[in-house]
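For reference, the structure discussed in these notes is given below.
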Amino acid sequence: MKIGIIGAGAMGSLYGGILSKQNDVYLIDIWKEHIDCINRDGLKIVEDKVENIVYPKATTDSKLVPHLDLVIVFVKSIHTLKAIQSNQDIICDDTIVLSLQNGYGNTEDIETVVKRENIIVGTTSHGATLLGPGKIKHAGVGMTYIGPLDEKSKYKAEKIKKNMEYCGIDTDISENILELIWSKLIINIAINPLTAILKIENGKLLESSYSLDLIKDLVDESVSIAKEIGINLEKDETLEKVKNVASNTYSNKSSMLQDILNKRETEIDKINGAVVKVGEKLGISTPINSTIVKLVKSINDLK
Ligand code: NAD
C-alpha cells in the first residue's frame, strides 16, 4: 500500500515507521529538522533500549507525495482541521483516511475534506515519545481498534487491519467503535487534566479521596452527556476502567502534563472541551468539565 502519515510526531512516526517495513510510507510534517533527519539518517525507533532504524520517505511538502491508498492522521487533535485542509491534495476519491488520535471532534474536522464512507476511526493503546529530531521511543505496546463511520465501509477497515497485522501491529475491528472512542475519551477526561493541574503522575490520583471524588464527578458528567448522543456507557464500569488505567500507568506522565510542563498548547478543547461543546449543543450545562477546561487554559495562559 502507499500510505501517508499527516503529523509524524511520536505516534505518526511510530505507526509510519512500523508500516514502512512492508509499505511505501510518506511521513508528512511541518517540523523540517525532523523530516531532514529522517531523510538523511533514517527514523530511529528505540524499544527496550534497542535502537532500530527504518527508512520511510519524509517531506514537509505534500505536493511531492503520490496518490495514496491510506492516510493516517496523527497530529494533535487541536490541529486536525488545519492539517487535513492544508494537505487535502493528497486525498483522492478512493483514499481511506484513518484517525487513531485522542479526543472527540477529529471526525468532524476530517469530514470537511473526506467522504464519510472513506473515514475509519479508532483507538490505540500503543504509546510513544519523541526523543529528538528523527528519533522516537516506543513506550508501550497494545491493541489498535478500528471501525468505519459508515457500516458499508467495513471492508475498508478489514483491508487496513490485514495490512497492520502483516506489519506486526495487533489490530481488531470494533463493532461499536464510537463507544470505544468515548470510553477512551472519558479515561483521558478524568486522568489528563487532573494530572496536568496537580502536576503529578497518573497513579498518584488514586491516593487522595479528593482527587478520587474529582475523577468520579468527571466520569459521571461525561457519561451522562455521552448517553444523550446515544453512547451508552455504565458510570461504575467506566470509573473502574479509569482507576485501572491510572494504576497500570502509575508512574507515567500524561500527555497533557507533558504539554503543560513543556509549555505547549494542550488537547483540552478536544477532550473535556468536547463534553462542554456537546452539552452546549444540547442545552445541558457541564459545570465540572467547564471548570476543568478553564483551569487548564489558565495554566497555559499564565505560563
Ligand atoms: P506529537 O506532538 O508528538 O506529534 C504531532 C505532530 O504533528 C508534530 O510532529 C507536529 O509537527 C505535527 N503537525 C502539527 N501540525 C501539522 C500540520 N498542519 N501538518 C503536518 N504535521 C503537523 O503528538 P503525538 O504524541 O504523536 O500524538 C498524536 C495524537 O495521538 C494525539 O491526538 C494524541 O493524543 C494521540 N495519542 C498519543 C499517544 C502517545 O503515546 N504519544 C498515545 C495514544 C494516542
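The values are calculated or read from the model by the stated rules, or taken from the named source; none is laboratory data. For clarity, every value in this text was computed on a predicted model and none was experimentally measured. Note that each Cβ is placed from the backbone with ideal geometry, even for glycine, and that neighbours are counted across all protein chains shown. For accessibility, only protein heavy atoms count, side chains too; no ligands or nucleic acids. Shrake-Rupley method; radii C 1.70, N 1.55, O 1.52, S 1.80 Å.
For first residues located in the stretch 109-124 and acidic (Asp, Glu), partners that are assigned to a strand (DSSP E or B) and lie 6+ apart or on another chain with Cβ distances below 7 Å form the pairs 111/119. Any idea which residue in the stretch 30-59 is nearest to residue 99 (Cα to Cα), counting only those that are hydrophobic (A, V, I, L, M, F, W, C) and assigned to a strand (DSSP E or B)? The extreme case among them is 58.
Count of the stretch 280-303 residues, restricted to those that are of a type outside the set (D, E, K, R), open to solvent by 90 Å² or more (accessible area, probe 1.4 Å) and either touching a helix residue (DSSP H, G or I) at 6+ places or on another chain (Cβ under 6 Å) or farther than 17 Å from residue 197 by Cα (or both), is 1.
Among the criteria (1) more than 16 Å from the ligand (Cβ to nearest atom); (2) part of a loop (DSSP other than H, G, I, E, B), the one residue 205 does not fulfil is (2). Is it the case that the stretch 41-63 has a residue that's over 26 Å from residue 116 (Cα atoms), open to solvent by less than 10 Å² (accessible area, probe 1.4 Å) and within 11 Å of the ligand (Cβ to nearest atom)? No, the stretch 41-63 contains no residue that is over 26 Å from residue 116 (Cα atoms), open to solvent by less than 10 Å² (accessible area, probe 1.4 Å) and within 11 Å of the ligand (Cβ to nearest atom).
Looking at residue 128, is it touching a strand residue (DSSP E or B) at 6+ places or on another chain (Cβ under 8 Å), in a helix (DSSP H, G or I), open to solvent by 10 Å² or more (accessible area, probe 1.4 Å) and within 14 Å of the ligand (Cβ to nearest atom)? Against the criterion (touching a strand residue (DSSP E or B) at 6+ places or on another chain (Cβ under 8 Å), in a helix (DSSP H, G or I), open to solvent by 10 Å² or more (accessible area, probe 1.4 Å) and within 14 Å of the ligand (Cβ to nearest atom)), residue 128 does not qualify. Considering each residue of the stretch 195-209, count those that are touching a residue at least 60 places away in the same chain (Cβ under 8 Å), of a type outside the set (Val, Ile, Thr) and buried (at least 17 other Cβ atoms within 10 Å of the Cβ), and give that number. Selection size over the stretch 195-209: 1. Could you tell me whether any residue of the stretch 210-219 is within 16 Å of the ligand (Cβ to nearest atom) and either crowded, with 18+ Cβ neighbours inside 10 Å or not assigned by the TED database to the domain that holds residue 150 (or both)? No, the stretch 210-219 contains no residue that is within 16 Å of the ligand (Cβ to nearest atom) and either crowded, with 18+ Cβ neighbours inside 10 Å or not assigned by the TED database to the domain that holds residue 150 (or both).
Of all residues in the stretch 150-179, those that are touching a residue at least 40 places away in the same chain (Cβ under 8 Å) have Cβ atoms under 7 Å from Cβ atoms of residues that are open to solvent by 30 Å² or more (accessible area, probe 1.4 Å) and part of a loop (DSSP other than H, G, I, E, B), 6 or more apart or on another chain, in 163/1; 166/22; 167/21; 167/22.
The residues of the stretch 248-272 that are away from the ligand (no atom under 13 Å from the Cβ) and either of a type in the set (Ser, Thr, Tyr) or crowded, with 23+ Cβ neighbours inside 10 Å (or both), listed by number, are 250, 251, 260, 272. Residues that are out of contact with any strand residue (DSSP E or B) (no Cβ under 6 Å at 6 or more places or on another chain) and surrounded by fewer than 23 Cβ atoms within 10 Å (Cβ to Cβ) within the stretch 174-184 comprise 175, 176, 178, 179, 183, listed in sequence order.
When the stretch 64-76 is filtered for residues that are more than 16 Å from residue 115 (Cα to Cα) and surrounded by fewer than 23 Cβ atoms within 10 Å (Cβ to Cβ), the ones remaining, listed by number, are 64, 65, 66, 67, 76. Of the residues making up the stretch 138-169, those that are touching a helix residue (DSSP H, G or I) at 6+ places or on another chain (Cβ under 8 Å), of a type in the set (D, E, K, R) and surrounded by fewer than 19 Cβ atoms within 10 Å (Cβ to Cβ) are 150, 152. Residues of the stretch 60-100 that are free of Cβ contacts under 8 Å to residues at least 40 places away in the same chain and in a loop (DSSP other than H, G, I, E, B): 60, 61, 91, 92, 93, 94, 95.
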